[in-house]
Amino acid sequence: MKIAIIGASKNKDKYSNKAVRAYKKHHHVVFPVNPNERELEGLTCYSSVMVIPLEIDVASLYLPPELGIKVVPEIIKKGIKKVIINPGAESKEIVAMLKKNKIKTILACSIQEIGENPDKF
């Protein structure tokens, strides 16, 4: 699976960094997204999902709602079919926009979605 971790952080204590490591451990193709970073956990870090050179199966959203709402149009335009909205990133507006565009929306910890405990990372 190809997954974009939107809001990925270099801080190893942040769940967005733990998600990058967890998905790498499970041999997924991971695309960290953070416009302020160039590299993260040995991977190229992208400024936006729009510049990722491949199709993305899933996006995992780790941004606060006021920033997350701004990237939803890019998620839609990129053609991503599934979005996991992590705790703290959710908002009614984000969910409504995604569902209106027929994007499967899951409100959950993306690390737990692959059967991992975030505390292990």
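The values are calculated or read from the model by the stated rules, or taken from the named source; none is laboratory data. Only a predicted model underlies this, so the values are computations on that prediction, with no experimental measurement involved. Virtual Cβ from ideal backbone geometry, glycine too; neighbours counted across all protein chains shown. With ligands, DNA and RNA removed, areas are computed over all heavy atoms of the protein, side chains included. Shrake-Rupley method; radii C 1.70, N 1.55, O 1.52, S 1.80 Å.
Where the second residue is of a type in the set (A, V, I, L, M) and open to solvent by 70 Å² or more (accessible area, probe 1.4 Å) and the first is more than 20 Å from Lys70 (Cβ to Cβ) and lies in the stretch 32-57, which pairs have Cβ atoms under 7 Å and are six or more apart or on separate chains?
What qualifies is Asp57/Met1.
Among what's in the stretch 9-44 and is exposed (fewer than 14 other Cβ atoms within 10 Å of the Cβ) and among the acidic types (Asp, Glu), pick the residue that is nearest to Cys109 (Cα to Cα).
Asp13
Given Ile94, Ile6, Ile69, Ile85, which one is farther than 23 Å from Gln112 by Cα, at pLDDT 95 or above, of a type in the set (Val, Ile, Thr) and surrounded by 13 or more Cβ atoms within 10 Å (Cβ to Cβ)? Lay out the reasoning, then the answer.
Values: Ile94 fails: farther than 23 Å from Gln112 by Cα; Ile6 fails: farther than 23 Å from Gln112 by Cα; Ile85 fails: farther than 23 Å from Gln112 by Cα.
Answer to the selection: Ile69.
Being of a type outside the set (Gly, Ala, Ser) and part of a loop (DSSP other than H, G, I, E, B) is the filter here, so list the residues in the stretch 15-47 that pass it.
Scanning the stretch 15-47 gives His26, His27, His28, Asn34, Pro35, Asn36, Glu37, Arg38, Glu41, Cys45.
Is it true that Lys78 is over 16 Å from Ile3 (Cβ atoms) and among the basic types (Lys, Arg)?
Numbers: over 16 Å from Ile3 (Cβ atoms): no; among the basic types (Lys, Arg): yes.
Criteria not met by Lys78.
Scanning the stretch 97-109 for residues that are of a type in the set (A, V, I, L, M) and open to solvent by less than 50 Å² (accessible area, probe 1.4 Å), which turns out nearest to Glu66 (Cα to Cα)? Before the answer, list the steps.
Just the residues of the stretch 97-109 that are of a type in the set (A, V, I, L, M), to begin with: 97-98, 103, 106-108.
From the residues that got through so far, the ones that are open to solvent by less than 50 Å² (accessible area, probe 1.4 Å) too are 98, 103, 106, 108.
Working: Leu98: 15, Ile103: 20, Ile106: 18, Ala108: 18 Å.
Selected residue: Leu98.
If you check Pro53, Pro87, which single one turns out to be under 16 Å from Lys2 (Cα atoms) and assigned to a loop (DSSP other than H, G, I, E, B)?
Working: Pro87 fails: under 16 Å from Lys2 (Cα atoms).
Testing whether each residue is under 16 Å from Lys2 (Cα atoms) and assigned to a loop (DSSP other than H, G, I, E, B) leaves just Pro53.
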